[in-house]
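Colleague: Before I ask anything, let me first share the structure, which is written out below as structure tokens.
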Amino acid sequence: GPDHPYVVVLFGATGDLAQRKLLPGLLKLDCSGLIPGLQVVACSLDKHDDDSFRSFARKACEEYGSLEVTDEVWDDFASRIRYVSQDSGSHYLALAVSAAESELGSEPRRLHYLSVPPKAALAVVATLDEAGLVPRSRIIMEKPFGTDLRSAIALNATLHQTFDEQQIFRIDHFLGKEPAQNILAFRFANGLFEPIWNRNFIDHVQIDVPETLGIGTRIGFYEATGAYRDMVVTHLFQILAFMAMEPPTALEPDSISDEKYKVFRSMTPIDPANVVRGQYSGYREEDGAAADSETETFIALKAEIDNWRWAGVPFFLRTGKQLAEGQRIISIAFQEPPKSMFPAGSGVGAQGPDHLTFDLADASKMSLSFYGKRPGPGMKLDKLSLQFAMQDTTYAGDVLEAYERLILDAMRGDRTLFTSAEGIERLWEISEPLLDNPPPVRSYPPGSWGPNAIHQLVAPNAWRLPF
Ligand code: BG6
């Protein structure tokens, strides 16, 4: 764990992310004993006092957390939470932080968590500066980091007037998921797959993250964001980089960041002709959505990495809300063998190519699907699989939830699983053709797999999902 006690200053403390992940995560970390001392200063635009916010936070932890919230556990944690209204100014914020620090003894550090929309981030940074809270601090910035290339560059430049790059942690929680880190272990600790991890053996890759969730209470954020900015330019491209990067010289932050950046530089600008945007029918009637909203709740696209390893291998990405199933998979399709010796009708190839699949769900899974013989007379083939499922192992209890892991890493100063300014700027740069000329949104029925055009996008291949 970190060496110093921490005051966590949480902005956006009543938001969706804070409720689902950050408050339960802080409670869990607090109980884990991994942090030498913790105080929380919560800020938001809502009206609360310490007591009402504490009840709000308890409800969130009970509803979304994995710990049983007994009175004993809660009272201890709650006594270390303070609430400051975000519009009460820097003075009150400074007072609350200093009161929290005085409870912590020697050399407490500050972790500012900005769980606020991109356009609110700079105002928070200015408040932190005015309140004198920049020294001894680190700052976690939530995605999306900016909304396009210009705003990302401006955001970085302005941030750097106040914080050193070393203090800034741009979070992408997909990188904190155990199975995402397992991609690195899998790729770089084993000799079996290393030689075939390239265009000579891999036909195409799919990164597919359909969600059954709707927009819920986040419509204000979502209307201005959409699926591309919310999920693709952030999580899906970061995962793509783990999949595609060259071996780093060492498993340390700068080397990993360099290799990821090289992948982003090799990606060709996203061609709007290779993009399907969708919106579930009924979205425009949601409270808070514009009646003529063009915000996409679904996106599928083809990305290309024009380098020595991946030239000609399409990466198909898909994500959206209100789809048929919630899944988070990366699926690698291998090329067909040079010659099929099986009789027509044997079933070979009928269920798509052989695949390696990583499942990014919390209960991580990996599987290798291949054709094998169905028992009995003749030669009939079926798709079979070899599987690893974390939940069947003795590891199951050790999993740190992504946000917990990343908050802990930020406290320890470990940037390995955070994203870099240059990487993010490059991703906005390749997004420009799409953001400038987005294809019109196509409607899709809630509970489906998206608009029909998704099939043409991958033809002659097929989507691996549904299994
Ligand atoms: C968030 C997006 O970053 O990731 C949400 O803003 C999305 O729209 C979520 O639902 C998915 O995360 P997870 O960890 O549930 O797969």
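Colleague: Checking A152 against (1) at positive phi; (2) more than 16 Å from the ligand (Cβ to nearest atom); (3) small (G, A, S), which single condition isn't satisfied?
Modeller: (1)
Colleague: Six or more apart or on different chains, Cβ under 6 Å: which pairs go from a residue in the stretch 6-34 that's within 14 Å of E401 (Cα to Cα) to one that's assigned to a helix (DSSP H, G or I) and within 16 Å of the ligand (Cβ to nearest atom)? Could you list them?
Modeller: Going by the 6 Å Cβ cut-off, the qualifying pairs are R20/Y64; K21/Y403; L23/A60; P24/Y64; G25/Y403; G25/E404; K28/E404; L29/E404.
Colleague: Looking only at residues in the stretch 193-216 that are over 22 Å from W463 (Cβ atoms) and within 12 Å of the ligand (Cβ to nearest atom), which one is modelled with the lowest pLDDT?
Modeller: Per the criteria, the residue is G216.
Colleague: Only residues that are assigned to a loop (DSSP other than H, G, I, E, B), surrounded by 15 or more Cβ atoms within 10 Å (Cβ to Cβ) and of a type in the set (G, A, S): list them for the stretch 442-467, please.
Modeller: G450, A453 - these are the residues of the stretch 442-467 that are assigned to a loop (DSSP other than H, G, I, E, B), surrounded by 15 or more Cβ atoms within 10 Å (Cβ to Cβ) and of a type in the set (G, A, S).
Colleague: Also, quick follow-up: Residue by residue through the stretch 39-50, note down the ones that are surrounded by fewer than 24 Cβ atoms within 10 Å (Cβ to Cβ) and either of a type in the set (A, V, I, L, M, F, W, C) or within 19 Å of M141 (Cβ to Cβ) (or both).
Modeller: The answer is S44, L45.
Colleague: Still on this model: If I ask for residues that are surrounded by 15 or more Cβ atoms within 10 Å (Cβ to Cβ) and of a type in the set (S, T, Y), which ones from the stretch 146-199 would you list?
Modeller: T147, S151, T162
Colleague: Scan the stretch 397-418 and tell me whether some residue there is touching a helix residue (DSSP H, G or I) at 6+ places or on another chain (Cβ under 9 Å) and of a type in the set (S, T, Y).
Modeller: Looking through the stretch 397-418, at least one residue is touching a helix residue (DSSP H, G or I) at 6+ places or on another chain (Cβ under 9 Å) and of a type in the set (S, T, Y).
Colleague: Before we move on, is V209 within 30 Å of G15 (Cα to Cα), of a type outside the set (F, W, Y) and out of contact with any Pro (no Cβ under 8 Å at 6 or more places or on another chain)?
Modeller: The answer is yes for V209.
Colleague: Report, by residue number, each residue of the stretch 51-72 that is part of a helix (DSSP H, G or I), surrounded by fewer than 15 Cβ atoms within 10 Å (Cβ to Cβ) and either on the phi > 0 side of the Ramachandran plot or more than 25 Å from the chain's Cα centre (by Cα) (or both).
Modeller: Residues satisfying the conditions are D51, S52, S55, D71, E72.
Colleague: Continuing with this model, one more query. What number of residues within the stretch 224-248 satisfy the criterion of being more than 12 Å from the ligand (Cβ to nearest atom) and at pLDDT 95 or above?
Modeller: The qualifying residues number 10.
The values are calculated or read from the model by the stated rules, or taken from the named source; none is laboratory data. This is a predicted model, so every value here is computed, not measured. Cβ atoms come from the backbone with ideal geometry, glycine included; neighbour counts cover every protein chain shown.
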